[in-house]
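*Asks:* Attaching a single structure in structure tokens format; questions to follow.
Just so it is clear, none of the values below were taken in a lab; they were calculated from the coordinates. No experiment lies behind these values; they were computed from the predicted model shown. Every residue, glycine as well, gets a Cβ built from its backbone with ideal geometry; the counts of neighbours run over all protein chains shown.
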Amino acid sequence: MSHLFLRLLDMMRLRAGPQDMPVGWGIAALLGLAYLAEGIIADRALDGDGSAPRSLIAVSTQFLAIACLLAWRRMGARLPQTLTALAGTGLIFGAFSILLVLQAAPGSPQPLLALLWLATFAWSLVVDAHIYRRALSTTMSLGILIAVLLFALNFILMETLFPV
């Protein structure tokens, strides 16, 4: 398990790709469920009710999109490793984001904390783009475009299905 964690950290430093993840659906399913559970816990801590459907939709959208893109490019065999990479790095970024949110003091300005959260968000987009690039054998620019479009799609879905 420590080997997997080290590979995920390498991926977050853009030094490894989804092809370096274990082959097979077992670890992909386990990490996918853990990623979903972490999203539900984080949403519940922040917003309360309705967190399970939001997290399920967000994770499903990301996973379904990459499955469709890989199938379209006739690279479906790469799906388990790609999902493992996305879920594993998502878990690490999610845990770090939860730690940042726990440091927040509502009502008081915390520019350093806001900057750190923004940097984490940007870094996670770059890592997702790197994973898409490597999985789809394409350019980093296209990987970034896919990451941003998926983020926008998730944002629109959340605003449409769960208006404030």
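*Asks:* In bins 5 Å wide, starting from 0, what share of all Cα pairs of the stretch 2-161 does each bin hold, as a percent?
*Replies:* Per 5 Å bin, starting at 0, the Cα pair percentages come out as 1, 9, 17, 22, 22, 15, 8, 4, 1, 0, 0.
*Asks:* Follow-up. To the nearest 20 Debye, how big is the dipole of the chain about its Cα centre, given +1 on the beta carbon of each Lys and Arg and -1 on that of each Asp and Glu? Intermediate results must be reported in sequence, preceding the final value.
*Replies:* Details: 10 positive and 8 negative charges, 127 e Å.
Approximately 600 debye in magnitude.
*Asks:* Cα axis of helix 79-103 to longest principal axis of the chain: angle in degrees, 0 to 90, nearest 10?
*Replies:* Helix 79-103 and the main axis of the chain meet at about 20 degrees.
*Asks:* Just to be sure I understand: with springs between alpha-carbon atoms less than 10 Å apart, which residue in A87, A129, A34 has the highest mean-square fluctuation in the Gaussian network model of the chain?
*Replies:* Of the options given, A34 has the highest mean-square fluctuation.
*Asks:* Run the quick spin-label model on F5 and A71: label points 7 Å from Cα toward the beta carbon, then report their separation in nm to one decimal.
*Replies:* 3.6
*Asks:* Further question on the same structure: Can you give the FRET efficiency for L115 and A52, using 1/(1 + (r/R0)^6), R0 = 30 Å, r = Cβ-Cβ distance, to the nearest 0.05? Don't skip to the answer; put the middle values down first.
*Replies:* Numbers: r = 31 Å, r/R0 = 1.03.
Here the calculated transfer efficiency is 0.45.
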